[in-house]
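Just so it is clear, none of the values below were taken in a lab; they were calculated from the coordinates. Model, not experiment: these values are computed from the prediction. Cβ coordinates were reconstructed from backbone atoms using ideal geometry, including for glycine residues, and neighbour counts include every protein chain displayed.
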Amino acid sequence: MTVGPNSDRGQLVVVAGPSGVGKSTVVRRIVELDPEVHLSVSATTRTKREGEVDGIDYFFMNADDFAKLREEGGFLESAQFAGNSYGTPKREVEQRLDQGQIVLLEIELQGVRQVKAALPEAMTVFVAPPSWDVLRERLSGRGTEDEATIARRLEVAKTELAAQSEFDQVVVNDSVDDAARAIIALVCDT
């Protein structure tokens, strides 16, 4: 995937959607289909899940270190979600954009709003579920959270789904390959 011919600066593509919609799977597929796309690694204070690797899935930080970096202006965006802090380290994103690369962020709604305020040229893409029932099934089927956490995530999902109109594009994830290819096509058309 390449950015337009007259662009020296890269393209920031921000992907968001409710928990369980499959956005992480879609984002991984984009990177598989086009290895030139750089996936930005977010920082978080949440507990590492089985199989996750620090520095690849997330930068896992304690709350004090996260707060210090945020106070120093080290995040492009940061947000609280489901009782944990998340943020996008600013330095690496800016370096890659300056090198003309496409940088993909996978973040939550609060973060999207912060990025759009700071970098209005960023393309925002909302990954939507085919239906509410499919979203509920996907969240339950992950087996990574208890019922109370799933209920909280579904409540947040209602707000996120209502915010779709704030995004530049909406892509429905009925098929990971189709959703990934649709996002690649959007970036190539800019």
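Miscellaneous remarks
- Spatial separation of Cα centroids for segment 84-115 and segment 134-190, in angstrom: 18 Å
- Its DSSP H runs of at least 4 residues, each contributing -39,500 (n - 2.57), put the calculated 222 nm mean residue ellipticity of the chain at -12500 deg cm²/dmol, to the nearest 500.
- Ranking of VAL134, VAL171, VAL53, VAL15 by count of other Cβ atoms within 10 Å, fewest first: VAL53, VAL134, VAL171, VAL15
- For trypsin sites (Lys or Arg not before Pro), the sites in segment 1-99 that DSSP calls loop and that have at most 16 other Cβ atoms within 10 Å are ARG9, ARG46, LYS48, ARG49.
- Antiparallel DSSP beta bridges within the chain, as percent of all bridges there, nearest 5: 30 percent
- Peptides 101-107, 58-64 ordered by packing proxy, namely the average of other Cβ atoms within 10 Å per residue, highest first: 101-107, 58-64.
- Remark on ASN173: its backbone amide H falls under 5 Å from those of ALA128, a criterion applied only to residues 5 or more positions apart or on other chains, H modelled at 1.01 Å from N.
- Straightening the chain between TRP132 and GLU147 buys 3.7 nm, computed as 0.36 nm per residue apart minus the Cα-Cα spacing.
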